Structures are given as C-alpha cells and as structure tokens.
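*Asks:* Shown below is the structure under consideration.
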Amino acid sequence: MSQEYGPGAGPGPRSLTDEELSRLLGQQRFGALATNKSSGHPHLSTVLYTWDPGQRVVRISTIDDRLKVRQLHKDPLSALYVTSDDFWSYAVAEGEAELSPVTIEPGDEVGMELLAMQAGLADPADETAFLRQLVADRRLVIRIRVSRLYGTALPAPSA
C-alpha cells in the first residue's frame, strides 16, 4: 500500500532536530559527498566517513589524485548527504572542507588521524602495514567543518 502525502493525508515530513541529525550522521558510515565542478554543476562521490559530533567535523579518507580533491582545492564548499537505513530520513552536513597534507611517513600526524578513523586494527603488525599502505596510496583527510546541518524524516508507511 502506498503512502499518500498532502492535505488530510496524515502526518507529513518533519525537520529533524540537531540531536537527531547528529545521531543519524553517527549511525551511518557511507554517504554522498557533493563538491562543485568548475562548470557549477555538482559532483557526487560515494564516500566512507566518520562523524565527530563534539567538533562537528566530518572526516573522509581519500587519495590525493581524486577529482573531489582537485575540486575542493578550487572551491571548498561541500555537503555530505546521508540517509537512514530505511531511507525515510536524511541528513545533510554542509560546510567548508579543508584538506590535510598527504601522509608521507608511516605514523606521521596525518597517518595517525587516518588510523584513528579506521576501526578494528588490534594487532600492531596490522597497524604498521596499514600506515605503510596509507603512504603508498598517497592518502589524506578531507575535513568538513559543518556550519549547517539539516534533514527531514518522513513517517514510515503503515503495514
């Protein structure tokens, strides 16, 4: 049965609170990063991210030669779009992106920031290999300092 929206159709969409938005960002790991092409059109990339609610910072690990990195060097305005597991809610985190330097030595400051974003490396040998791979990949961190957070929840359809 399809859900109808409009006058007299029951509860409609509602804006999520800042707390709900932050929780949604923290529950997910994948999102769509929007950057700006030189033509003015948006460019979307699926990314793996972490959310730091205390600092209101989204962190994304990426490789130096990616298009999103070149675009962010030209125009740091960006947004991350994330949905709930059931797609009935979404959050958008907008802000200016800053790009870290590329990690150049295993265990340098950027490498340790990237390592902190990675869950589940308990073995020091795995950690060392991971840090070496980050250098070989020429990885860096995109940090979006979130200045605007918004989103909506739709009522889930009744069964």
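*Asks:* If you take the residues in segment 12-27 that are in contact (Cβ under 8 Å) with a residue 12 or more places away in the chain and outside any helix (DSSP H, G or I), which one is surrounded by the most Cβ atoms within 10 Å (Cβ to Cβ)?
*Replies:* My answer is 16.
*Asks:* With respect to the numbered conditions (1) closer than 22 Å to residue 30 by Cβ; (2) crowded, with 17+ Cβ neighbours inside 10 Å; (3) not assigned by TED's automatic domain parsing to the domain that holds residue 34, which one is the sole condition not fulfilled by residue 119?
*Replies:* Exception for residue 119: condition (2).
*Asks:* Another one. If you take just the strands (runs of 3 or more DSSP E) that sit entirely in segment 44-159, which of them hold at least 2 residues that are in contact with an Asp or Glu (Cβ under 6 Å, 6 or more places away or on another chain) and either among the basic types (Lys, Arg) or closer than 19 Å to residue 20 by Cβ (or both)? Spell out how you get there, then give the answer.
*Replies:* On the way: elements: 57-63, 77-83, 89-99, 139-153.
By residue number, 139-153.
*Asks:* So, one more: Tell me which residues, restricted to segment 56-107, are over 13 Å from the mean Cα position of the chain (by Cα), closer than 22 Å to residue 27 by Cβ and of a type outside the set (Ser, Thr, Tyr).
*Replies:* Scanning segment 56-107 gives 85, 86, 87, 88.
*Asks:* Additional query: Cβ contacts < 9 Å: first residue in contact (Cβ under 8 Å) with a residue 12 or more places away in the chain and at positive phi, restricted to segment 132-144; second residue in a strand (DSSP E or B) and loosely packed, with under 14 Cβ neighbours inside 10 Å, any location; separation 6+ or different chain. Result?
*Replies:* So the pair list comes out as 138/63.
The values are calculated or read from the model by the stated rules, or taken from the named source; none is laboratory data. This one's a predicted model, so the numbers in the text were calculated from it and none came from an experiment. Cβ: placed from backbone, ideal geometry, glycine included. Neighbour counts: every protein chain shown.
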